[in-house]
1. Being within 17 Å of GLN187 (Cβ to Cβ) and among the polar types (S, T, N, Q) narrows it down to one residue among SER236, SER208; which is it?
2. So, in the range 215-248, how many residues would count as being under 24 Å from the mean Cα position of the chain (by Cα) and of a type in the set (D, E, K, R)?
3. For the range 413-427, indicate whether the set of residues that are within 14 Å of the ligand (Cβ to nearest atom), free of Cβ contacts under 8 Å to residues at least 12 places away in the same chain and under 23 Å from VAL139 (Cα atoms) is non-empty.
4. Take LEU96 and decide whether it is away from the ligand (no atom under 16 Å from the Cβ), under 30 Å from GLU28 (Cβ atoms) and modelled with pLDDT of 95 or more.
5. Just need a number here: residues in the range 388-400 that are assigned to a helix (DSSP H, G or I), more than 7 Å from the ligand (Cβ to nearest atom) and of a type outside the set (Phe, Trp, Tyr).
6. Return the pairs, sorted by first residue and then second, in which the second residue is polar (S, T, N, Q) and more than 12 Å from the ligand (Cβ to nearest atom), the first residue lies in the range 383-394 and is on the phi < 0 side of the Ramachandran plot, the beta carbons are less than 9 Å apart, and the residues are 6+ apart or on different chains.
7. Run THR79 past the list (1) within 16 Å of the ligand (Cβ to nearest atom); (2) surrounded by fewer than 16 Cβ atoms within 10 Å (Cβ to Cβ); (3) of a type in the set (Val, Ile, Thr); (4) within 23 Å of LEU369 (Cβ to Cβ) and report the number of the one that doesn't hold.
8. So which strands (runs of 3 or more DSSP E) stay within the range 294-346 end to end and still have 3 or more residues that are surrounded by 17 or more Cβ atoms within 10 Å (Cβ to Cβ) and within 16 Å of the ligand (Cβ to nearest atom)?
Amino acid sequence: MIDTERPVNRMENPVCPATLAEAQLADEEVLECPYPTYDLLREQAPVWRDPRTGLFVVTRYEDLRQILLDTEHWSNWRTSNDHDNLTGAALRAYELFKEKGWVPAPSLAGRDDPEHRQLRSIFESAFRPKRIQELDGEVEALAYKLLDEFIDDGYCELVSQYAVPLPLIIICKQMGARDEDVWQIKQWTDAWIKGGGFGLTEEQVLWSTEMEIQAQHYFQAIFERLREQPDDTLLSDLVNTPVPGWGRTLNDNELHCHMMQDTFVGGSETTTNAISAGVMLLAQNPKVWALLKSDPDRYLRTFCEEVVRLESPVQGLTRMAKKDMELHGVEIAKGEVLMVRFAAANRDPEHFDNPNEIDLERRNAASHLGFSSGTHYCMGAPLARRELYWAFKAFVEGIEEFALAQGKNDLRHYPNYSLRALNELHIEFVRKTRG
Ligand code: HEM
């Protein structure tokens, strides 16, 4: 019998800044539970310049919606795309790419219209609804297969045994990678994420670059094969479909930039983190678990939306000002960068009632900004939603009751300004008896 009543291992003392002077968003302990800081910023400084990163952090739902829809004033261009201005470790990394691999071109997420729209159309064709429908059976079968591998043990580390492999195996197959290489690819994506952290030494940046170059050589062979022999994978479409208005297919540098950022990290880390977060939330909210189990068909879709809303695997991303502007009395000059903090907007009480609670009857659950909004709305959202659906459906159907394994969880997240990733989740459970 599992003791579901015992106190859960919540983060005990989240940092709760009393004043703006105490607000610290880049601090590891704050990132562990940033929600009290978001509340303060939303109320007192909806456009707040983070002293540590220099970014203008925007936290209110309506402000985010407007910025995300307004491509006349806000650009997705990244300063790192301007190679002439690189210095220090970033310059060394660029030279290393040139010497041993391929300098990644600006990705879909880092471009503006009209190029963005043209490029996005080949992604739209690769991610067309029919293909996602065709993949659905595969996602379903994989969720049950992964669960079956540990269901008789009564215990698992859910992140590595379930949440990582489900989306990773699906995307690997769609990217032409071999099944046996899945964990090697995971090492590459982990290295890529580490390379995006703050305050890294040059050595750490170059290590991450070397890892990405290893991945580039692996994928280069696949691009070349698919150019010769197209198949029915998503990557084959990206490799072989001419970009409207460009008069050609993507070159190697343009393909490489999409592998790490937009497909493997964007498309598997995020979903992994949502699956882990969802199970953690269920462990912490026994009433929600009971309701979900009472009628999965009725509640599962809303539960998936609530997980993405509450734990926002992508906490925030940047936009660059195209003109001098003023927002809530704060001057933002052309070229300065702001961060749209999806996770803060997703708990805005002006838009969501009881924003910190999971509400399986919430009517506007799908209006969260966890997948962004506007022209850069997440390309993979339909696939992510199916992966979340099957991950939770198999879990709810296979497991009678469960709880966090005692003494094994610290529920810490990997420190990252943009992404929210639970490191580990140890659970004990009783499987459902076979009927
Ligand atoms: C729960 C899972 C996911 C979350 C939370 C998520 C979140 C996001 C967010 C917030 C953006 C917006 C970027 C912006 O506004 O600048 C985005 C864009 C994108 N996502 Fe996802 N994503 C998820 C799953 C996926 C999957 C499964 C794929 C593909 C396999 C994917 C591919 C992309 C791509 C290609 C873009 C760029 C779109 C563009 O710039 O036009 N994502 N995602």
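The values are calculated or read from the model by the stated rules, or taken from the named source; none is laboratory data. Because the structure is a prediction, the values reported are computed rather than measured. Positions of Cβ are backbone-derived with ideal geometry, glycine not excepted, and every protein chain shown enters the neighbour counts.
1. Working: SER236 fails: within 17 Å of GLN187 (Cβ to Cβ).
Going through SER236, SER208 in turn, the sole match is SER208.
2. Of the residues in the range 215-248, 1 are under 24 Å from the mean Cα position of the chain (by Cα) and of a type in the set (D, E, K, R).
3. Scanning the range 413-427, I find no residue that is within 14 Å of the ligand (Cβ to nearest atom), free of Cβ contacts under 8 Å to residues at least 12 places away in the same chain and under 23 Å from VAL139 (Cα atoms), so the answer is no.
4. Working: away from the ligand (no atom under 16 Å from the Cβ): yes; under 30 Å from GLU28 (Cβ atoms): yes; modelled with pLDDT of 95 or more: yes.
It is true that LEU96 is away from the ligand (no atom under 16 Å from the Cβ), under 30 Å from GLU28 (Cβ atoms) and modelled with pLDDT of 95 or more.
5. Narrowing the range 388-400 to residues assigned to a helix (DSSP H, G or I): 388-398.
Going one step further and asking which of them are more than 7 Å from the ligand (Cβ to nearest atom), we end up with 389-398.
In the following step, the residues that additionally are of a type outside the set (Phe, Trp, Tyr) were identified as 391, 393-394, 396-398.
The qualifying residues number 6.
6. Listed by first residue and then by second, the contacts come to ARG386/GLN133.
7. (4)
8. Details: elements: 317-321, 325-327, 330-332, 337-340.
Per the criteria, 317-321, 337-340.
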